[in-house]
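The values are calculated or read from the model by the stated rules, or taken from the named source; none is laboratory data. Here the structure is a predicted model, which means the values were calculated and not measured. Virtual Cβ from ideal backbone geometry, glycine too; neighbours counted across all protein chains shown.
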Amino acid sequence: MSTYSVKELLSTDNLQQEVTISGWVKTFRSNRFIALNDGSTIHNLQCVVDFEQIDSTILKEVATGAALTITGTLVESQGKGQQVEIMVDTITVLGSADPEQYPIQPKKHSLEFLREKAHLRVRTNTFSAIMRVRSALSFAVHQYFQKNGFYYVHTPIITGSDAEGAGEMFRVSTLDPKAPPLDDSGEVNYKEDFFGKETNLTVSGQLEAETFAMGLGKVYTFGPTFRAENSNTSRHLAEFWMIEPEVAFNDLAANMDLAEDFIKGVLNYVLENCTDDLTFLEKRLLDEEKTKPQAERSEMPLIEKLKFVANNEFKRVSYTEAIAILKNSKPNKKKKFQYLIEEWGADLQSEHERFLVEKHFKCPVILFDYPAKIKAFYMRLNEDGKTVRAMDVLFPGIGEIVGGSQREERLDVLQDKIKELGIDEKELWWYLDLRRFGTAEHSGFGLGFERLVLFVTGMGNIRDVIPFPRSPQNAEF
Ligand code: ATP
Ligand code: MN
């Protein structure tokens, strides 16, 4: 007798064989039909019980959530809805689940309720589908880069550089919080801390990835990233996973090409390999949207939207053009934007990004050549002296999914910029060395993995696409 997964049994032609299968009970109907799921697929395996054959004390324990091992014969199904089913010979109850206590009952649970049961929510159809898609997407990320000659680099999680400037940081310290050592001026003396200096959890692996690009050529990071931003939005987490390719000799145009090709590549992978889960998630989204006002519903079903993005060119628009469009837009003239666009130089808010993508262009947009003043210190200054070679990829329903740039490779320009911003040059000595020795044009970007998973699964809140979300006031599990 062989042990199979539900997924294997549902696709086998090998009927009449004796099989063993383990899984959790989804439902048990009419004292006869067990829908069993083992996580291998969104579909359940129907197991048909002859109650005269199975001990009634065992059948009492066959309730939603119980773990079972079943043996029986695989046959062509008599009923509708499945090709094959198992005629049960024996049932072993591995672990029962008291229906009075087990929170995941076969009915609709709100996503909010399930967030509080994050240790059990992966047993629901919605979360098992999301997490299988998430797994496939992360494989697709590695496959894309490995096939295209990139090397995977593990940048540090604890960082000693505080010049990254991408967001608020979480301190890493072993000092006694009640009585930290103080220096002569009464400040905490980090020289006595574990690393002999102030250290934090990384907000980005970019600066370290740049060092590797300057030796390995094409590299990428894919790892955990931490931002202590107190923004309780549906697009921000305190701990998330970021993908950061960095490529020597790439200019901004090549960087945009890479971002677009990469996103399309991973979308095509899941379209080919996650059909069942995406079909389920598409239906879930349609059901959810029925409860929303017409204006908030998306125009395309999920899979069609993914194909649309995978098959159409992203629109490339300069920041300057975007400001002109926004300035003349209806919501700006009618003062519907919370932040009105008045002049060149304004930072774009998510409402503006979403207007451009969802209302104006109706496709993904890459904005480039932003004002230097609103972007990070390391971005390559353009000849106009006021814009930098930055690019953001904006997605429908998501807003910013990618932020990237060509990096400033000229030592003197970078030093001037650092001085202007009041950053201590000593903090960045190793970063500046890259510009001292064998400097070259190079570019890269950061893509928030959870924002990609959000887009692909059609979910609305980033807390529902990571196993155990970390956000302000929330680090249970
Ligand atoms: P935003 O304006 O949305 O806060 P950002 O400009 O701070 O984004 P970057 O510093 O450019 O973002 O980071 C690169 C990418 O990382 C973003 O495009 C986004 O996909 C993702 N990202 C940034 N912050 C978060 C967060 N707190 N949670 C999840 N993903 C994030
Ligand atoms: Mn941010």
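Here is how the numbers come out for the structure above:
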quantity: Test: residue in the stretch 140-153 that is within 16 Å of ligand 1 (Cβ to nearest atom) and surrounded by 14 or more Cβ atoms within 10 Å (Cβ to Cβ); calculated: yes
quantity: Selection within the stretch 378-417 - more than 16 Å from ligand 2 (Cβ to nearest atom) and modelled with pLDDT under 95; calculated: Pro396, Gly397
quantity: Residue in the stretch 147-166 that is farther than 29 Å from Gln406 by Cα, free of Cβ contacts under 8 Å to residues at least 12 places away in the same chain and more than 16 Å from ligand 2 (Cβ to nearest atom) present; calculated: no
quantity: Test for Asp433: is it closer than 30 Å to Arg284 by Cβ, more than 10 Å from ligand 1 (Cβ to nearest atom) and either of a type in the set (Asp, Glu) or in contact with a Phe, Trp or Tyr (Cβ under 6 Å, 6 or more places away or on another chain) (or both); calculated: no
quantity: Qualifying residue in the stretch 169-183 (condition: within 14 Å of ligand 1 (Cβ to nearest atom) and not charged (D, E, K, R)); calculated: yes
quantity: Checklist (1) of a type in the set (S, T, N, Q); (2) at pLDDT below 95; (3) over 22 Å from Lys107 (Cβ atoms) applied to Asn31, failing item; calculated: (3)
quantity: Members of the stretch 167-191 that are under 34 Å from the mean Cα position of the chain (by Cα) and among the basic types (Lys, Arg); calculated: Arg171
quantity: Every residue from the stretch 226-251 that is within 11 Å of ligand 2 (Cβ to nearest atom) and polar (S, T, N, Q); calculated: Ser231, Thr233
quantity: Of all residues in the stretch 436-477 being assigned to a helix (DSSP H, G or I) and not aliphatic (A, V, I, L, M), the one that is farthest from ligand 1 (Cβ to nearest atom); calculated: Arg436
quantity: Residue within the stretch 282-294 that is assigned to a loop (DSSP other than H, G, I, E, B) and either hydrophobic (A, V, I, L, M, F, W, C) or touching a His at 6+ places or on another chain (Cβ under 8 Å) (or both) present; calculated: no
quantity: Given (1) within 22 Å of Ser443 (Cβ to Cβ); (2) away from ligand 1 (no atom under 12 Å from the Cβ); (3) surrounded by 21 or more Cβ atoms within 10 Å (Cβ to Cβ), index of the condition Ala248 fails; calculated: (3)
quantity: Candidate set from the stretch 19-55 (those that are charged (D, E, K, R) and surrounded by 12 or more Cβ atoms within 10 Å (Cβ to Cβ)); member that is nearest to the chain's Cα centre (by Cα); calculated: Asp38
quantity: Residues within the stretch 189-232 that are within 16 Å of ligand 1 (Cβ to nearest atom), in a strand (DSSP E or B) and among the β-branched types (Val, Ile, Thr), tallied; calculated: 2
quantity: Unique match (being surrounded by 14 or more Cβ atoms within 10 Å (Cβ to Cβ), aromatic (Phe, Trp, Tyr), at pLDDT 95 or above and within 30 Å of His43 (Cβ to Cβ)) among Phe280, Phe240, Phe262; calculated: Phe280
quantity: Condition broken by Met169, with the remaining ones in (1) exposed (fewer than 14 other Cβ atoms within 10 Å of the Cβ); (2) in a loop (DSSP other than H, G, I, E, B); (3) not hydroxyl-bearing (Ser, Thr, Tyr) satisfied; calculated: (1)
quantity: Test: Glu61 is among the charged types (D, E, K, R) and within 30 Å of Asn461 (Cβ to Cβ); calculated: no
quantity: Scan of the stretch 338-348 for residues that are in contact with a strand residue (DSSP E or B) (Cβ under 9 Å, 6 or more places away or on another chain) and closer than 21 Å to Pro396 by Cα, ordered by number; calculated: Asp347, Leu348
quantity: Elements of type helices (runs of 4 or more DSSP H) contained in the stretch 304-402, each with 1 or more residues being within 13 Å of ligand 1 (Cβ to nearest atom) and touching a Phe, Trp or Tyr at 6+ places or on another chain (Cβ under 7 Å); calculated: 350-354
quantity: Candidates Phe455, Phe445, Phe437 - the one that is within 16 Å of ligand 2 (Cβ to nearest atom) and of a type in the set (Phe, Trp, Tyr); calculated: Phe445
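This table checks each residue for (1) basic (Lys, Arg); (2) surrounded by 14 or more Cβ atoms within 10 Å (Cβ to Cβ); (3) away from ligand 2 (no atom under 16 Å from the Cβ).
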residue	(1), (2), (3)
Ser138	no, yes, yes
Pro180	no, yes, yes
Gly186	no, no, yes
Gly196	no, no, yes
Val203	no, yes, no
Ala209	no, yes, yes
Gly215	no, no, yes
